[in-house]
Amino acid sequence: MDIIVSENVTGSAMDELRERFDVVFEPDLWNDVPRLKSLLGDARAIIVRNQTQVTAELMAAAPKLEVIGRAGAGLDNIETDAASEAGVVVTYAPRENSISVAELTIGLMLCLARKIPAAHLDTSEGRWNRKAFTGIELFGKTLGVIGLGQIGTMVAERAKAFGMTIIVHDDYVAPDANHVKELDARLVSLDDLLCEADFVTTHVPLTDETREMFNKERFAMMKPSAMLINTSRGEVVDEEALLHALKNQQLAGAALDVRSVEPPGQSPLDKLDNVIFTPHIAAFTEEAQDRVVSTVCSDVTRVLEGREAENFFNFPLPRN
Ligand code: MLT
């Protein structure tokens, strides 16, 4: 066997991959670690989304592994140091999702501002409650963007079209960077961003620095009228602290596409009427998925055929 696909990665590029290689496709395999380990004994490649935890232990069970293909941008479910130590190439799709994530972020911001999900539910139950669903405009409001990579930039560009003022926090971007200037944005400290913004959106990877970045203290800094949108990683938000902030009017609303545990099961957040949930679908559009699957299948093919990967995190060819 050549390739294990341990999550739901489908599409025409995957069909082509199956024509060239011996592929085991088991979309729920991520949830059965003993079976995954036993199958990995023979595999040269594994293709995952974000649910398979590709740990050092898992890689130790995969002596023939040459490449890990991550069908998405985030690498927080892959122990990349262990992969590099084992000489295994890590490939991913760092840009292919960006437009879709940016569009969902704007969609969630509009849903929060205009209470669209609650208004839909109420109306579909036979009521006609116009006053109850009085919202606010985005025009003239300040959007705080945390993380000005490709997604953060695309969100800011789109928000500008709504007449929003953009402030940005990113430790890795210089104040005179071109994209900051083009957005007419102000680069500020995280504390200043939290104090000033009417909407806050986060586009950071999950790292030790960003884990629970939104905690009790940070929520206390935000305007009581502010709203948070998280389409990055659930663990960036301390959900207990979010619950406390929403219940105590420290924050007016939140839209969460990602959760600290996925799937989250029942949570006290479910009972609040100022929270909107979606099931980690920011990258799930037909267009983004075609691009993601095609990129990852192409790079896995290249590595297995002895050619350099194009979108690699560590190195383009296996080192074992
Ligand atoms: C990503 O990291 O690309 C997105 O969050 C989607 C995913 O995790 O599959």
message: Please enumerate, by chain and number, the lysines with C-alpha under 24 Å from the C-alpha of Lys271, excluding those fewer than 8 residues away in the same chain.
response: Lys115, Lys131, Lys216, Lys223, Lys247
query: To the nearest 10 degrees, how steep is helix 98-114 against the longest Cα principal axis of the chain, on a 0 to 90 scale?
result: 30
message: Between Lys37 and Glu310, what is the label-point separation in nm under the 7 Å Cα-to-beta-carbon projection?
response: 3.7
message: Compute the distance from the alpha-carbon center of region 281-301 to that of region 21-87, in whole Å.
response: 18
task: Give me the angle, in degrees from 0 to 90, between the Cα long axis of helix 286-304 and the longest principal axis of the Cα atoms of the chain, rounded to the nearest 10.
output: 30
task: Pick out, from Ala113, Gly135, Leu269, the residue whose Cα sits farthest towards the positive end of the charge dipole of region 98-277, with +1 on the Cβ of Lys and Arg and -1 on the Cβ of Asp and Glu.
output: Gly135
field: Inter-site label distance for Arg319 and Leu190 at 7 Å from Cα along Cβ, in nm
entry: 3.1
query: Hey, got the dipole for the chain? About the Cα centre, +1 on K and R Cβ, -1 on D and E Cβ, debye to the nearest 20?
result: 900
query: Relative to the longest principal axis of the chain, what angle (0 to 90°, nearest 10) does the C-alpha long axis of helix 150-161 take?
result: 30
- request: Round to the nearest 0.05 the FRET efficiency obtained for Phe133 and Glu157 when R0 = 30 Å and r is the Cβ-Cβ distance.
  value: 0.60
message: Quick check: pseudo-label points 7 Å beyond the Cα along Cα→Cβ at Glu85 and His244, how many nm apart are they?
response: 3.6
task: Compute the distribution of all C-alpha to C-alpha distances in region 207-248, in bins of 10 Å from 0, and list the percent of pairs in each, rounded to whole numbers.
output: 29, 60, 11
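Once every DSSP H run of n ≥ 4 in the chain is given -39500 (n - 2.57) and the sum is divided by its residues, what mean residue ellipticity at 222 nm do you get, rounded to the nearest 500 deg cm²/dmol?
Working: 12 runs with 112 residues, N = 320.
-10000 deg cm²/dmol, from helical runs alone.
Taking only C-alpha pairs under 8 Å that are 6+ residues apart, what is the relative contact order of the chain in percent? Can you show the working numbers first?
On the way: 639 pairs, mean separation 61.7, N = 320.
Answer for the chain is 19 percent.
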statement: Distance in Å, no decimals, from the C-alpha centre of region 204-245 to the one of region 160-174 is 18
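FYI, it's all coordinate maths here, none of it is from the lab. Because the structure is predicted, anything quoted here is derived from the model rather than measured. In this analysis, Cβ positions are derived from the backbone assuming ideal geometry, glycine residues included, and neighbour counts consider all displayed protein chains.
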